[in-house]
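The values are calculated or read from the model by the stated rules, or taken from the named source; none is laboratory data. In this text, all values refer to a predicted model and were calculated from it rather than measured experimentally. No Cβ is skipped: glycine too gets one built from the backbone with ideal geometry, and neighbour counts run over all protein chains shown.
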Amino acid sequence: MALVRILVDGYSLLHNWPELAEGSPRHSETARDALIEILTQYQDACGTPVTIFFDGRGARRTKPKNEAGKSVEVLYSNAGQTADDLIERAAHRFQDYGEVLVVTDDFAERNTVSGFGSSVASCGNFIALIQNALANLTENLNNHNRSERNRFFRSR
């Protein structure tokens, strides 16, 4: 089955990625924006839609700076809910459409969503996946640019 969506526990991933928005508190708007930006780049590289879930308590609900139509979806939980509740509901609803990947280091959450048939990834593994995908994209772009530059100069 094809991967139809990646569901990310935003704060879980931020707590495991100290290099991202270094020096900013993990629950800050700066850290959230940095995560949204890098996951947008990853979504562009891999083509799989990404949804990031944040616990809404105390979080400012500003729109992500990247408002393009293909930007990642960002959801905040309401009072009386947690991001985990939203992730579980989304994983259950998407299961009829294909494979869902849930990214979290919360073991209870991983057990719950895997019970729905979703795949799970630890934050550390997902960070490595993102870094590899973005490095490959950069390498491919550099190779393409080099090839086009050479082709241009040969035609002169």
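Please work out which residue is surrounded by the most Cβ atoms within 10 Å (Cβ to Cβ), limiting yourself to the range 73-86 and to residues that are of a type in the set (D, E, K, R) and in contact (Cβ under 8 Å) with a residue 24 or more places away in the chain. Spell out how you get there, then give the answer.
Initial filter on the range 73-86 (of a type in the set (D, E, K, R)): 73, 84-85.
Okay, now just the ones that are also in contact (Cβ under 8 Å) with a residue 24 or more places away in the chain, so 73, 84.
On the way: Glu73: 15, Asp84: 20.
Among those residues, the one meeting the criterion is Asp84.
Restricting to the range 77-89, name every residue that is β-branched (Val, Ile, Thr) and assigned to a loop (DSSP other than H, G, I, E, B). Even if it seems obvious, please write down each step before you answer.
Restricting attention to the range 77-89, the residues satisfying the condition of being β-branched (Val, Ile, Thr) are 82, 87.
Thr82, the sole residue that qualifies.
Can you name the residue in the range 41-51 that is in contact with a Lys or Arg (Cβ under 8 Å, 6 or more places away or on another chain) and not in a loop (DSSP other than H, G, I, E, B) and is also surrounded by the fewest Cβ atoms within 10 Å (Cβ to Cβ) among such residues? Give the steps one after another, and end with the answer.
Filtering the range 41-51 down to residues in contact with a Lys or Arg (Cβ under 8 Å, 6 or more places away or on another chain) leaves 43-44, 48-51.
Subset that is not in a loop (DSSP other than H, G, I, E, B): 43-44, 50-51.
On the way: Gln43: 19, Asp44: 16, Val50: 21, Thr51: 20.
Looking at the filtered set, the residue picked out is Asp44.
Which residues, taken from the range 119-156, are under 27 Å from Glu37 (Cα atoms) and outside any helix (DSSP H, G or I)?
Initially, the range 119-156 is screened for residues under 27 Å from Glu37 (Cα atoms), giving 119-146.
Within the range 119-156, Ser119, Val120, Ala121, Ser122 meet the criteria.
Looking at (1) in a helix (DSSP H, G or I); (2) surrounded by 17 or more Cβ atoms within 10 Å (Cβ to Cβ); (3) not β-branched (Val, Ile, Thr), which is the only condition Arg26 fails?
(1) is the only condition that Arg26 fails.
Could you check Val74 against (1) at pLDDT 95 or above; (2) assigned to a strand (DSSP E or B) and say which number it fails?
Result: Val74 passes all but (1).
If you scan the range 1-21, which residues turn out to be closer than 19 Å to Asp33 by Cβ and more than 11 Å from the chain's Cα centre (by Cα)? Let's see the steps before the verdict.
The initial filter retains those residues of the range 1-21 that are closer than 19 Å to Asp33 by Cβ, namely 6, 8-21.
Tyr11, Ser12, His15, Asn16, Trp17, Pro18, Glu19, Leu20, Ala21 - these are the residues of the range 1-21 that are closer than 19 Å to Asp33 by Cβ and more than 11 Å from the chain's Cα centre (by Cα).
Of the conditions (1) under 10 Å from Asp9 (Cβ atoms); (2) of a type in the set (D, E, K, R); (3) in a helix (DSSP H, G or I), Asp105 fails just one. Which one is it?
Evaluating Asp105 over (1) under 10 Å from Asp9 (Cβ atoms); (2) of a type in the set (D, E, K, R); (3) in a helix (DSSP H, G or I) leaves (3) as the failure.
Under 7 Å by Cβ, and 6 or more places apart or on different chains, what pairs join a residue from the range 128-156 that is at pLDDT below 85 with one that is surrounded by 10 or more Cβ atoms within 10 Å (Cβ to Cβ)?
Close Cβ pairs satisfying both conditions: Leu137/Ala45.
Sort out which residues of the range 104-123 are more than 15 Å from the chain's Cα centre (by Cα) and small (Gly, Ala, Ser), and write them in order of number.
Quick first cut of the range 104-123, residues more than 15 Å from the chain's Cα centre (by Cα) only: 106-118.
Result: Ala108, Ser114, Gly115, Gly117, Ser118.
Answer yes or no: is there a residue in the range 87-96 that is without any contact (Cβ under 8 Å) to a residue 60 or more places away in the chain, polar (S, T, N, Q), loosely packed, with under 15 Cβ neighbours inside 10 Å and on the phi < 0 side of the Ramachandran plot. Quick ask: steps written out before the conclusion?
Filtering the range 87-96 down to residues without any contact (Cβ under 8 Å) to a residue 60 or more places away in the chain leaves 88-89, 92-93, 95-96.
Narrowing the set further to residues that are polar (S, T, N, Q) leaves 95.
This time we only want the ones that are loosely packed, with under 15 Cβ neighbours inside 10 Å, so: none.
No, the range 87-96 contains no residue that is without any contact (Cβ under 8 Å) to a residue 60 or more places away in the chain, polar (S, T, N, Q), loosely packed, with under 15 Cβ neighbours inside 10 Å and on the phi < 0 side of the Ramachandran plot.
Among the residues that make up the range 108-118, is at least one of them assigned to a strand (DSSP E or B) and surrounded by 15 or more Cβ atoms within 10 Å (Cβ to Cβ)? Full working, then the answer.
As a first pass, look at the range 108-118 and keep what is assigned to a strand (DSSP E or B): none.
Checked against the condition, which is being assigned to a strand (DSSP E or B) and surrounded by 15 or more Cβ atoms within 10 Å (Cβ to Cβ), the range 108-118 yields no hits at all.
Which pairs turn up if I take residues in the range 1-20 that are on the phi > 0 side of the Ramachandran plot and look for partners that are part of a strand (DSSP E or B) and among the small types (Gly, Ala, Ser) with beta carbon separation below 9 Å, at least 6 apart in sequence or on another chain?
none
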